[in-house]
1. Suppose the filter is at pLDDT below 95 and open to solvent by 30 Å² or more (accessible area, probe 1.4 Å); does Q176 pass it?
2. Going by the conditions given, is I158 within 11 Å of the ligand (Cβ to nearest atom), more than 15 Å from the chain's Cα centre (by Cα) and crowded, with 17+ Cβ neighbours inside 10 Å?
3. Condition test on L174, is it more than 26 Å from Y97 (Cα to Cα), within 14 Å of the ligand (Cβ to nearest atom), hydrophobic (A, V, I, L, M, F, W, C) and in contact (Cβ under 8 Å) with a residue 12 or more places away in the chain?
4. For region 48-86, give me each residue that is buried (at least 16 other Cβ atoms within 10 Å of the Cβ), within 15 Å of the chain's Cα centre (by Cα) and not aromatic (F, W, Y).
5. For region 146-167, how many residues are over 21 Å from I81 (Cα atoms) and either without any contact (Cβ under 8 Å) to a residue 24 or more places away in the chain or of a type in the set (S, T, N, Q) (or both)?
6. Across region 95-124, what is the number of residues that are without any contact (Cβ under 8 Å) to a residue 24 or more places away in the chain and open to solvent by 20 Å² or more (accessible area, probe 1.4 Å)?
Amino acid sequence: MPKKIAIFGSGSGSNAENICTYFAQSPDIDVVLICTNKRDALIVKRAKKLNIPTYVFTKNELNNFANLHKKLKVRGVDVVILAGFLLKLPPKMIDSYPNRIINIHPSLLPKYGGKGMYGDNIHKAVIKNKETESGISIHLVNQNYDEGKIILQEKCSISFNESTETLTQKIHKLEQNYFPLAIEKMIKNL
Ligand code: GAR
């Protein structure tokens with residue numbers, strides 16, 4: 001039986017789309033649902049184009065979790081992937097999927113993690129602090145922001161004239177190349 005995954009996102013959904021495309025022909029992994037708290041986010045349009053069912057929920061519904069949990073159970077979801085999902089998960093959800101929720105973070109954790117650290121905010125801070133490298137961290141999700149066990153990290157160098165845009169592109173490339181591989185590896189070990 002293939003393992004079933006749900007992807008949660010709040011934004012553009014480029015990672016969600018890449019994961020769906022990567023596993024489209026996989027006998028081992030099925031993307032069965034894309035979930036979002038942002039009805040108008042590009043991720044919803046991408047899901048439609050890919051023919052993956054979507055579920056839109058409110059912050060209250062996430063925090064209460066009972067109804068959202070039902071939706072995930074009906075689809076037989078084994079693993080949850082956070083791909084640009086910007087709300088904190090409630091303890092009930094984390095307890096329901098122990099070691100089965102994966103997040104991607106666009107920095108080399110533990111650096112540039114925690115509240116308020118997402119997307120461009122991270123890249124601006126990294127450049128401002130004259131870091132010589134940045135990268136991505138793919139990790140299991142626990143009760144604290146960005147502190148779960150790291151599954152994979154990949155680095156990129158920062159040039160002297162790096163801009164937020166060029167760093168965003170470098171990080172995007174790493175995400176596209178490595179996120180599906182990390183998911184595959186984690187699911188093989190379940
Ligand atoms: C990605 O760069 C992801 O690493 C980041 O949001 C972007 C989502 O892009 N996540 C975080 O910052 C989480 N703290 P996408 O919607 O195009 O996949």
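The values are calculated or read from the model by the stated rules, or taken from the named source; none is laboratory data. Predicted, not measured: the structure shown is a model, and the values here were computed from it. Positions of Cβ are backbone-derived with ideal geometry, glycine not excepted, and every protein chain shown enters the neighbour counts. Surface accessibility is based on the protein's heavy atoms, side chains included, excluding ligands, DNA and RNA. Shrake-Rupley method; radii C 1.70, N 1.55, O 1.52, S 1.80 Å.
1. The answer is no for Q176.
2. Criteria not met by I158.
3. yes
4. V79, V80, I81, L82, A83, G84 - these are the residues of region 48-86 that are buried (at least 16 other Cβ atoms within 10 Å of the Cβ), within 15 Å of the chain's Cα centre (by Cα) and not aromatic (F, W, Y).
5. Selection size over region 146-167: 9.
6. 6
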